[in-house]
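Since the structure comes first, as structure tokens, the remarks are kept for the end.
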Amino acid sequence: MKLRFATLSILLLSSTLVLASSSWLSKVPKADRARVNPYAGNAEAAAAGKLIFEDNCAKCHGDDAEGRHGRPSLRSERVAHATDGELAWILRNGQAFHGMPSWSSLPEQQRWQIITYLRTLLTDR
Ligand code: HEC
């Protein structure tokens, strides 16, 4: 009985580890990761990105991007350490299985503007 419990615990633990290591970041191809945001640091693009964020993203990630109802904060270490290219990848592809839609229906320019806006959030803490 004790042994069975131990086996079960190990099984549960290893499946948790597998889930944790399957973060979307590990799926991003190298070429995508290295893509450069043409609007990096551009204040007008950040202002445009803020409006697009409010229209499309705030309902899940919160007006302040702190996350809500189990959706992740976008003011996190993980987002801070992601490259612009990695963020562009998740915006284009989403993570439908985890509840993050694809935003490929938005023009690419608008997705870069959102990323420019997200960068301003990470520096104003
Ligand atoms: C319907 C709810 C919903 C909407 C709307 C939504 N997201 Fe998400 N988002 C999620 C969920 C859920 C996750 C977690 C996905 C996962 O765990 O892989 C996520 C993850 C992310 C991540 C990765 C965060 C991390 O820490 O790994 C980024 C970046 C992101 N969203 C940006 C956006 C942006 C920008 C928009 C608007 C264009 C947006 N999201 C709209 C639900 C949403």
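Measuring nothing but how far apart in sequence close Cα pairs (under 8 Å, 6+ apart) lie, relative to its length, segment 31-123 scores a relative contact order of 42 percent. Annotation for residue 120 and residue 59: the two label points, set 7 Å from Cα along the Cα-Cβ direction, are 2.4 nm apart. Counting only protein heavy atoms and using a 1.4 Å probe, the accessible area of residue 69 comes to about 150 Å².
Per the Debye calculation on segment 31-123 with a single equal scatterer at every Cα and no solvent contribution, log₁₀ I(q)/I(0) for q = 0.19 Å⁻¹ amounts to -0.85. Near residue 101, once Lys and Arg are set to +1 and Asp and Glu to -1 for all other residues with Cβ below 14 Å from its Cβ, the sum equals +3. Taking a Cβ cut-off of under 15 Å around residue 32, the surrounding Lys, Arg, Asp and Glu residues balance to a net charge of +3, with basic ones at +1 and acidic ones at -1.
Counting Lys and Arg as +1 and Asp and Glu as -1, what is the net charge of the other residues whose Cβ lies under 11 Å from the Cβ of residue 84?
Values: positive: 33, 35, 111, 119; negative: 32, 86.
With Lys, Arg at +1 and Asp, Glu at -1, the neighbours total +2.
Under 13 Å of direct C-alpha separation, and excluding same-chain neighbours fewer than eight residues apart, residue 27 reaches these aspartates and glutamates: 86.
The values are calculated or read from the model by the stated rules, or taken from the named source; none is laboratory data. All values derive from a computational prediction rather than experimental measurement. Note that we place each Cβ from the backbone using ideal geometry, even for glycine, and neighbour counts take in every protein chain shown. With ligands, DNA and RNA removed, areas are computed over all heavy atoms of the protein, side chains included. Shrake-Rupley method; radii C 1.70, N 1.55, O 1.52, S 1.80 Å.
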